[in-house]
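What follows is a short report on a single structure.
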Amino acid sequence: WVIGLIIALIGSFSGLIISVFFGSNYIGTGNALKILIIGMIFATINGISMNIFFGIGKPEINNKIVYSAAAFNFIANLVMIPLWGINGAALSTTLSYFIMMIMGLIDTRRFIAAKLPIWIWAKTLIAGLALVALVWALKKAISLNVFIESGIILIISAAVYFSLLFSLKIIDIGELKELYNRIVK
């Protein structure tokens, strides 16, 4: 859920983030950042599988997955970049991460009787989509200095997001306390 929050906020404020860090000349890359943020979800889930393969002494599975995704990415870039430019490159990379995630999950299940938390992922996705919709609506409704507006939107949307996380039983107070203790130590 933390990664979901970060991804939703970066996606919602991609234009502002690009403008602040790289200047207004690069504002057109905001859509590519949004596409790549979705890819980060897949890359994060794949990272879990990769660590499992290292842990069980099967790093060659990671090599197979990475090489397969890299081959796909290379071919997809040849097709997508001429068609859509930077957005095509971002889409190709995101699809490569998706392939890595699927291959990793399939191979993980061959070695470990793991049950995927699909219901929790679905509820987290719902909360994330609600967050993005709320941010979008607030951006349309509020017109202030960009930094004040962003601060107000962040406060309101974070409150609603955490309310959704609690009401959908994705997190509880004990989990937040444990997270706080990890950060403080």
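The values are calculated or read from the model by the stated rules, or taken from the named source; none is laboratory data. Fair warning: this is a prediction, and the values are worked out from it, not measured in the lab. For neighbour counting, all protein chains shown are included, and Cβ atoms are generated from backbone atoms with ideal geometry for every residue, glycine included. Each accessible area value is taken on the protein alone, full model and side chains, heavy atoms only, with ligands, DNA and RNA left out. Shrake-Rupley method; radii C 1.70, N 1.55, O 1.52, S 1.80 Å.
Take the Cα of ASN51, step 7 Å toward its Cβ, do the same at LEU105, and the gap between the two points is 1.8 nm.
With 0.36 nm allotted per residue and the present C-alpha distance subtracted, the ARG182-ILE155 stretch has 7.4 nm of extension available. The share of accessible area on segment 1-98 that comes from carbon and sulfur is 73 percent, using a 1.4 angstrom probe. The packing ranking, built from the mean of other Cβ atoms within 10 Å per residue, places the peptides 65-78, 139-152 in the order 65-78, 139-152, highest first. Return the FRET efficiency for the residue pair PHE22, LEU116: r is the Cβ-Cβ distance, R0 is 41 Å, and the value is rounded to the nearest 0.05. Efficiency computed from Cβ-Cβ geometry: 0.65. Counting only lysines at least 8 places from LYS139 when in the same chain, those with an alpha carbon closer than 21 Å to its own are LYS34. Within the chain, helices built from complete DSSP H runs that reach 30 Å or longer along their own axis (Cα positions) and carry a mean Kyte-Doolittle hydropathy of 0.5 or higher are 30-55, 59-84, 86-111, 118-141, 146-167.
Between ILE173 and VAL146, what length comes free when the chain is fully extended (0.36 nm per residue of separation minus the Cα-Cα distance, one decimal in nm)? Intermediate results must be reported in sequence, preceding the final value.
Working: separation 27, 0.36 × 27 = 9.72 nm, distance 3.30 nm.
That pair, ILE173 and VAL146, stretches by 6.4 nm at full extension.
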